[in-house]
1. Remind me, relative contact order of the chain in percent, using alpha carbon pairs under 8 angstrom and six or more residues apart?
2. Can you give the local net charge around Val48? Use residues other than it whose beta-carbon is closer than 12 angstrom to its beta-carbon, Lys and Arg +1, Asp and Glu -1.
3. Hey, with R₀ at 30 Å, roughly what FRET efficiency would Ser17 and Val102 work out to, going by the Cβ-Cβ distance, to 0.05?
4. For a bin width of 10 Å, list the pair-distance distribution of the range 63-115 built from all Cα-Cα distances, rounded to whole %.
5. Hey, what did the range 24-65 get for relative contact order, percent, Cα under 8 Å, at least 6 apart?
6. Just tell me the longest site-free run in the chain, where the sites are trypsin sites (Lys or Arg not before Pro) in a DSSP loop having at most 11 other beta-carbon atoms within 10 Å.
7. At 1.4 Å probe radius, can you tell me the per residue accessible area of the chain in Å²?
8. Measuring from the lowest to the highest alpha carbon on each principal axis, how far does the range 1-69 reach, largest first, in angstroms?
Amino acid sequence: QVQLVESGGGLVQAGGSLRLSCAVSGSPSRINTMGWYRQAPGKQRELVAVISSSDTTNVADSVKGRFTISRDNAKNTVYLQMNDLKPEDTAVYYCNVAVLIVTLWGKGTQVTVSS
């Protein structure tokens with residue numbers, strides 16, 4: 001069974017950095033788009049960044065220049081490097097992966113940025 005395993009969340013002070021990882025386990029077949037979304041308390045889930053199978057990226061304006069998405073196809077893993085974190089980046093971050101025509105979601109990892 002294909003599953004997503006997220007790691008890397010935590011508590012950090014404003015201006016700090018975190019790196020999120022999401023590994024696809026279970027010997028998946030073709031992996032297409034991989035990405036990260038986030039949901040802050042009382043708000044809707046929003047796109048943070050996505051990366052296609054050809055490494056084309058799309059990053060939300062709110063994090064552009066601070067967050068970088070990348071993938072390692074040999075490890076079936078997507079990363080989100082988050083620099084210069086701000087209190088408004090506090091949210092649960094969810095990994096999202098398209099395997100063939102099926103979209104999978106991770107369970108989420110909490111990122112808390114203190115001011």
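1. Relative CO of the chain lands at 35 percent.
2. +1
3. 0.40
4. 20, 47, 27, 6, 0
5. Across the range 24-65, relative contact order equals 30 percent.
6. 76-106
7. On a per-residue basis, 54 Å².
8. 38, 24, 24
The values are calculated or read from the model by the stated rules, or taken from the named source; none is laboratory data. Remember, predicted model here, so these are calculated numbers, not experimental data. Positions of Cβ are backbone-derived with ideal geometry, glycine not excepted, and every protein chain shown enters the neighbour counts. Keep in mind that these areas ignore ligands, DNA and RNA; they rest on the heavy atoms of the full protein, side chains included. Shrake-Rupley method; radii C 1.70, N 1.55, O 1.52, S 1.80 Å.
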